Amino acid sequence: MTSFSPGFRGRPHSLAQRLPPGQYPTESFPVLSAGPTPRVPAEAWSFTVTTERGETRSWTWEQMMALPQQDTVTDIHCVTRWSKFDTRWRGVSLDVFFDGLETTAGYVVADSYGGYTTSLPLADLLGGRAWIAHTYDGYALSPEHGGPARLLVPHLYFWKSAKWVRGLRLTPEDDPGFWESAGYHPYGDPWREQRHRGD
Amino acid sequence: MGDPGAFLDGNALAGPLSEILSVEPTTAWWRCPHCKRAGSLAQLHLYGPEPGITARCPGCAYVALRLVREEDHIWLTLGSESGAFRFRTA
Amino acid sequence: MALAWLPARLVGRRAQTATARSLVFTVPGWPGHLPGQHVDVRLTADDGYQAVRSYSLAAPADDDRLELGVQAVSGGEVSPYLADQLPPGERVEMRGPLGNWFVWRPEQTEPVLSVAGGSGVVPLMAMIRAHRSAGSRSLFQLVYSVRGPEDVWYREELEDGGPFLDVRFLHTRRSPHGAARASGRITAADLREPTARLDPVSPVYVCGSTGFVETVGDLLVELFAGRGKEPATIRTEHFG
């Protein structure tokens, strides 16, 4: 779980190899919004995992910050075709929140402050591939980018990395979220260009 | 229009909706099922247009409609709980 | 019926302020429009990427010539390109006319109040020009909020608008020398006299930034409350 030499990639890869099909690289960090930006003070923030049987585990901000922290350097890919290389995050691996949790559910709905939701397979949140991120590029995550904390699932299109995350609900079936139910792909793999439902 | 976090209003839905509706939509009357506020489609608050347009009640931010476009289709979702209609546009 | 995207050729560009431009396009096949309506403008990059934005028409239809008002927003994807980079003689695509809600029709005879914040004056200018060219003898009022005197669009036309156009400038940051009103944001006092001249059914048009439109809307609703005038006569249009 400990991350050594973050950002090391072995031999240099050309940037083109790191760009999924149909994407272009950007230096900026565009803000896309589907509603008013929630302003959630860290002391009012909490994060709850709810199993398919209705059992819950919750963490306050203080408790979350006391969990093992991880630094991650990763590329992110937005379905609106921008990709951003080597973004630096700090947060807690989802493996930590799910440690020892009994579940047979295959899917998760992420719930956010402000009402946003997104859905994805539970397996995509485990195995060191997803985080609750609270720090971006060395600074506390701003509300525009999902602060105080957002989901970070960089191997899927970035709408899956729900801003202002407040909880995860385990579900036996895929229960499409805000964009998944409005035309976007249920899974959203940038390398297979799964943008819209049917892609 | 340059501030991506800011919203426009329902007047800007006239163009996108003209691709699937035959009647000019901005004068359409609508009542929010959540806060009961009534008004015209032009008064809705708009977010987007990427990755999709989200139109919300100006009073309580209830989601009135979502519109997602891909190359040959427009997806229209009315309200918060209904499924998306996929319209072929080309 | 889907509106067609029509080729639109840039034939004129004029600075209104340091960052605002009037752009004139010719659009063969343009069906005409009502004052207050807008168009969608579509730009296409070499790689096929497209961006669509809405812009207000600044003047009544003049055959196939359209005038738009564009405020360049720094960091914006479309507005700086239209304002300063699109070469004269080159084309973009447009569809329209769009929107029947935020319009003034020349057959309307009630006194009008329009309230503009910054570039929100553009669709109101289309109404003012239509009002003038229709020879309307009803009163058309414009309360126009700008940061300073150098931010006024269409100054000559607005200052010399004839007896049926009443324009009040409000300066939020810098007032001209000798101005009676101290600079500052719009208040109920700025709207009391203009609203007193309205009929119960007079339309009120408000256009500007989101914050401006919400502020003015609240002030108007308060002013109307004591007077039996319905808030439903207020029509708004706002942008980022």
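The values are calculated or read from the model by the stated rules, or taken from the named source; none is laboratory data. Because the structure is a prediction, the values reported are computed rather than measured. Neighbour counts are summed over all protein chains in view; Cβ atoms, including those assigned to glycine, are modelled from backbone coordinates with ideal geometry.
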Next item on the list: Would you be able to say whether some residue in the stretch B:47-66 is at the interface with another protein chain (Cβ under 8 Å from one of its Cβ atoms) and farther than 28 Å from residue A:30 by Cα?
Entry: no
Note to self: Among the numbered criteria (1) in a loop (DSSP other than H, G, I, E, B); (2) within 13 Å of chain B (Cβ to nearest Cβ); (3) crowded, with 23+ Cβ neighbours inside 10 Å, which one does residue A:162 miss?
What the structure shows: (2)
Next item on the list: Report yes if some residue within the stretch A:88-101 is surrounded by fewer than 23 Cβ atoms within 10 Å (Cβ to Cβ), under 16 Å from the mean Cα position of the chain (by Cα), among the β-branched types (Val, Ile, Thr) and within 14 Å of chain B (Cβ to nearest Cβ); otherwise report no.
Entry: no
Checklist line | Members of the stretch C:106-134 that are basic (Lys, Arg) and either modelled with pLDDT under 95 or within 16 Å of residue C:69 (Cα to Cα) (or both) | finding: C:129
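Report yes if residue C:105 is within 30 Å of residue C:203 (Cβ to Cβ), surrounded by fewer than 20 Cβ atoms within 10 Å (Cβ to Cβ) and within 14 Å of another protein chain (Cβ to nearest Cβ), otherwise no. Break it down stepwise before answering.
Details: within 30 Å of residue C:203 (Cβ to Cβ): yes; surrounded by fewer than 20 Cβ atoms within 10 Å (Cβ to Cβ): yes; within 14 Å of another protein chain (Cβ to nearest Cβ): yes.
Judged against the criteria, residue C:105 is a match.
Suppose we filter the stretch A:120-145 for residues that are on the phi < 0 side of the Ramachandran plot and away from chain B (no Cβ under 14 Å); how many remain? So that I can check it myself, show each step before the final result.
In the first step, residues of the stretch A:120-145 are kept if they are on the phi < 0 side of the Ramachandran plot; the result is A:120-126, A:129-136, A:139-145.
So of that shortlist, the ones also away from chain B (no Cβ under 14 Å) come out as A:120-126, A:129-136, A:139-141.
The total comes to 18.
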Next item on the list: Give me a count of the residues in the stretch C:1-20 that are part of a strand (DSSP E or B), in contact with a Gly (Cβ under 9 Å, 6 or more places away or on another chain), surrounded by 16 or more Cβ atoms within 10 Å (Cβ to Cβ) and away from chain B (no Cβ under 14 Å).
Entry: 1
Next item on the list: Kindly indicate whether residue C:145 is touching a residue at least 24 places away in the same chain (Cβ under 8 Å), touching a helix residue (DSSP H, G or I) at 6+ places or on another chain (Cβ under 9 Å) and polar (S, T, N, Q).
Entry: yes
Item checked: Considering residues of the stretch C:205-235 that are within 21 Å of residue C:151 (Cβ to Cβ) and hydroxyl-bearing (Ser, Thr, Tyr) only, the residue surrounded by the most Cβ atoms within 10 Å (Cβ to Cβ) -> C:205
Note to self: Looking only at the stretch A:177-199, filter to residues that are aromatic (Phe, Trp, Tyr) and out of contact with any Phe, Trp or Tyr (no Cβ under 6 Å at 6 or more places or on another chain); which one of those is surrounded by the fewest Cβ atoms within 10 Å (Cβ to Cβ)?
What the structure shows: A:191
Notebook entry, point to check: In the stretch A:133-147, what count of residues is obtained for those that are outside any helix (DSSP H, G or I) and either at pLDDT below 95 or surrounded by fewer than 23 Cβ atoms within 10 Å (Cβ to Cβ) (or both)?
Noted result: 8
Note to self: I'm told residue A:81 meets every condition in (1) at pLDDT below 95; (2) farther than 25 Å from residue A:28 by Cα except one. Can you identify the failing condition by its number?
What the structure shows: (2)
Notebook entry, point to check: Can you list the strands (runs of 3 or more DSSP E) found entirely within the stretch C:114-227 that contain at least 1 residues being of a type in the set (Lys, Arg)?
Noted result: C:165-171
Next item on the list: Test residue B:29 against the criterion of being at pLDDT 95 or above, closer than 17 Å to residue C:52 by Cβ and aromatic (Phe, Trp, Tyr), and give yes or no.
Entry: no
